[in-house]
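Have a look at the structure below, then the notes.
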Amino acid sequence: MSSRWRAWTDRALRGLSSVPNGCGLVLAALPLLLKGAGLLGPETYLLALGGYLAGFTAGGLLFGFPVLGKRPWEDELSFDDSGDARQVIDTALSGIRSLVRHNPDQRLSNILQQRVLGLCDRLEGLLSQWEGSKGTLSLEEEFHARHLASAYLPQALKTYLSIPKDFASERLLENGRTAHDTLVLALDDLSTKVGQLADDLAGQDAQAFLAHSRFLDEKFGTRKQALR
């Protein structure tokens with residue numbers, strides 16, 4: 001499937017699944033149901049069209065109209081996940097920081113900006129620690145480190161930014177929280193995972209240091225001499 005076809009399909013699905021389209025379809029269905037019951041005549045289809053337009057407009061005003069064009073953050077939050085993991089992470093962090101600082105349409109609150117940039121700083125710190133560490137990340141941990149920057153965080157931002165700003169900050173979701181607060185918690189979870197990866201590397205370095213310290217003691221007897 002070509003990128004142009006995928007983009008067109010995505011826009012079409014975005015429009016069909018939007019709240020305004022759903023509102024329009026509900027109001028358009030009412031005249032059709034009445035016609036099926038024999039209560040309306042030839043004017044049914046005109047009323048259905050008017051109902052759809054009224055529902056679509058009302059839904060758009062309440063929840064935001066669907067954006068069928070390319071959203072400004074789509075390119076900035078799309079990253080190639082192939083190649084060296086460290087390079088992938090570095091490239092993704094650069095793109096994420098750029099988007100957050102630009103903050104298109106002021107969609108991200110100060111709290112979210114601080115959380116995302118703080119997570120980027122932690123990931124960058126993990127990257128520096130990883131490059132200087134004597135330890136290694138397991139294949140699973142390397143997978144998580146790579147995808148935290150290139151997939152998990154960008155996808156969380158993409159899905160959040162697709163929600164109208166007022167809806168994201170005010171409407172409660174099924175979990176009892178707003179989309180804004182839900183994203184804050186998700187970012188905290190990602191930050192905790194980065195801390196776990198950093199602790200793993202630090203633990204390996206500490207073990208390497210302890211092993212070398214024991215080697216020096218056995219080789220030169222420094223501890224025994226200090227006790228005499």
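The values are calculated or read from the model by the stated rules, or taken from the named source; none is laboratory data. Nothing here was measured: the structure is a model prediction, and the numbers come from that model. In this analysis, Cβ positions are derived from the backbone assuming ideal geometry, glycine residues included, and neighbour counts consider all displayed protein chains. Surface accessibility is based on the protein's heavy atoms, side chains included, excluding ligands, DNA and RNA. Shrake-Rupley method; radii C 1.70, N 1.55, O 1.52, S 1.80 Å.
Some points to look at:
- Share of pairwise Cα separations in segment 72-219, more than 26 Å, in percent: 34
- Trypsin sites (Lys or Arg not before Pro) within segment 116-219, DSSP loop, no more than 14 other Cβ atoms inside 10 Å: Lys134, Arg171, Arg177
- Enclosed volume per residue, in Å³, of the convex hull spanned by Cα atoms of segment 104-167: 87
- For the residues Phe215, Phe63, Phe79, a GNM of the chain with alpha-carbon springs under 10 Å puts the largest fluctuation on Phe215.
- Full extension of the segment from Asp84 to Phe143, taken as 0.36 nm per residue of separation minus the current Cα-Cα distance, would add 20.1 nm.
- Heavy atoms of the protein chains alone define the surface here; on that basis the chain has 62 Å² accessible area per residue at 1.4 Å probe size.
- Sulfur and carbon atoms: percent of accessible area, the chain [1.4 Å]: 59
- The aspartates and glutamates within cross-link reach of Lys165, meaning a Cα-to-Cα straight distance under 15 Å and a gap of 8 or more places when in the same chain, are Asp105, Asp181.
- Taking Cα centre as origin and charging only the Cβ of basic (Lys, Arg, +1) and acidic (Asp, Glu, -1) residues, the dipole magnitude of the chain rounds to 120 debye.
- Computed from backbone phi, the HN-Hα couplings of segment 45-52 come to 5, 5, 5, 5, 5, x, x, 4 Hz, rounded to whole numbers (Karplus: 6.51 cos²θ - 1.76 cosθ + 1.60, θ = phi - 60°; Gly and Pro given as x).
- A helix-only calculation puts the chain at -24500 deg cm²/dmol for mean residue ellipticity at 222 nm, using -39500 (n - 2.57) for each DSSP H run of at least four residues, averaged over all residues.
- Thr192-Glu218 FRET efficiency (beta carbon distance; Förster radius 41 Å; 0.05 resolution): 0.60
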